[in-house]
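The values are calculated or read from the model by the stated rules, or taken from the named source; none is laboratory data. Worth saying up front: this structure is predicted, and the values here are computed from it rather than measured. Neighbour counts run over all protein chains shown; Cβ positions are idealised from the backbone, glycine included. Surface accessibility is based on the protein's heavy atoms, side chains included, excluding ligands, DNA and RNA. Shrake-Rupley method; radii C 1.70, N 1.55, O 1.52, S 1.80 Å.
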Amino acid sequence: MSFRIRPFEPADYPAMVELWNLHNPDWSRTVAEEQNSDAKRDPKYRFARFVAEAGGRVVGVAQHDQSPGSYHPQRFSLELYLHPDFLGRGLGKALYARLMEALEPYRPQHLLAQVRESSERGLRFARERGFRELKRDFVSTLDLRCADLSPYAGLEEKLAAEGIRLASFARLLEADPDAACKLHELFSDFRLDIPRAAPPTPITLDFFVRNILQGPDYDPRLFLVALEGERWVGMSGLFRVGDSKDLDLWITGVRREYRGRKIALALKVAGVRLARELGFESIRTDNDSRNAPMLAINRKLGFVPGPASLTLQKEL
């Protein structure tokens, strides 16, 4: 089979997104999301993307990237995915070789990649190249049409009696010119305790605003905040998924000293209720298998876990 590896071009966005969604139907992407993400990339973080083209058609994509939230100059995340009809034809090997060639000037020490547990071929490909399992994540989905919130009647009122109130970030933005700064500070505090593949590094306010609060699927009504008096103590953020009836549960977190009081549960329940009122039909989220408290909350609410996604690491 004849194919060529070349740098990604803007005209490749639809083909790239289609390939990704073939392999990840439960965590789909949109062209607008990818274009927005790429437009806001900071050149400090090394990034390159290549495609495999056969017969004038994009049939494979590979990229290397660096995470602003767990940055190390010699740590890189890899993605590589092919059209199912072109597996076993040498495209994966060629794309991987091109990635390693592109990375060589940066002297990488740590490589990270994600592979579905159900993908025997993908796992074998990674293990043959020295990748070993580091952690597992699960994408879980909640059907809002079936979600039963009756066990949590009175929960928000109970917290209110303890001095904890929930508020829409949209309302807080209207009333407080420092709302974005306060949300960023809260996020920066609790995110340090979220299990991850590599140690966390600070996220700047500018990055937070540009990449979280100015994305194409952001809606301030879908962000909820828990407050004690004027102190912001917890948050939960939902994003739209393009024009669909689905939502992404991006993150839920509470300051360490406020945990164990069902604040995170109340935020998620309020988010489910709000999503249903706005006409959405499902919420999807992903959780590290080591995050037992959040997984327990999701199970209570009726989230159904899908196949595990394995994060693999290679030390060079």
Task: Hey, Lys314 part of a helix (DSSP H, G or I) and open to solvent by 10 Å² or more (accessible area, probe 1.4 Å) or not - done: no
- [ ] Kindly check whether there is at least one residue in the range 278-287 that is surrounded by fewer than 20 Cβ atoms within 10 Å (Cβ to Cβ), assigned to a helix (DSSP H, G or I) and either in contact (Cβ under 8 Å) with a residue 12 or more places away in the chain or hydroxyl-bearing (Ser, Thr, Tyr) (or both).
- [x] no
Open item on the list: Take Gly237 and tell me if it is assigned to a strand (DSSP E or B), small (Gly, Ala, Ser) and surrounded by 15 or more Cβ atoms within 10 Å (Cβ to Cβ).
Closed with: yes
- [ ] Could you tell me whether any residue of the range 132-142 is in a loop (DSSP other than H, G, I, E, B) and surrounded by 13 or more Cβ atoms within 10 Å (Cβ to Cβ)?
- [x] no
Task: Selected residue [open to solvent by 30 Å² or more (accessible area, probe 1.4 Å), part of a helix (DSSP H, G or I) and within 23 Å of Arg290 (Cα to Cα)] from Arg127, Arg121, Arg98 - done: Arg127
Task: Among residues of the range 163-180, those that are touching a helix residue (DSSP H, G or I) at 6+ places or on another chain (Cβ under 7 Å) and either more than 19 Å from Glu228 (Cβ to Cβ) or among the hydroxyl-bearing types (Ser, Thr, Tyr) (or both), counted - done: 4
Open item on the list: Tally up the residues in the range 19-42 that are closer than 29 Å to Thr204 by Cα, outside any helix (DSSP H, G or I) and either β-branched (Val, Ile, Thr) or open to solvent by 40 Å² or more (accessible area, probe 1.4 Å) (or both), please.
Closed with: 5
Task: Residue within the range 291-310 that is over 20 Å from Ala153 (Cα atoms), in contact (Cβ under 8 Å) with a residue 24 or more places away in the chain and in contact with a Leu (Cβ under 6 Å, 6 or more places away or on another chain) present - done: no
- [ ] Output yes when any residue across the range 8-16 is touching a Pro at 6+ places or on another chain (Cβ under 9 Å), assigned to a loop (DSSP other than H, G, I, E, B) and open to solvent by 30 Å² or more (accessible area, probe 1.4 Å), and no when none is.
- [x] no
Task: Residues (open to solvent by 60 Å² or more (accessible area, probe 1.4 Å), in a loop (DSSP other than H, G, I, E, B) and touching a residue at least 40 places away in the same chain (Cβ under 8 Å)) located in the range 178-203 - done: Arg196, Pro199
Task: Count of residues meeting criterion [under 14 Å from Ala270 (Cα atoms) and either open to solvent by 70 Å² or more (accessible area, probe 1.4 Å) or in a strand (DSSP E or B) (or both)] in the range 143-177 - done: 12
- [ ] Output the residue which, of all residues in the range 49-93 that are assigned to a helix (DSSP H, G or I) and within 15 Å of Gly122 (Cα to Cα), is most open to solvent (accessible area, probe 1.4 Å).
- [x] Lys93
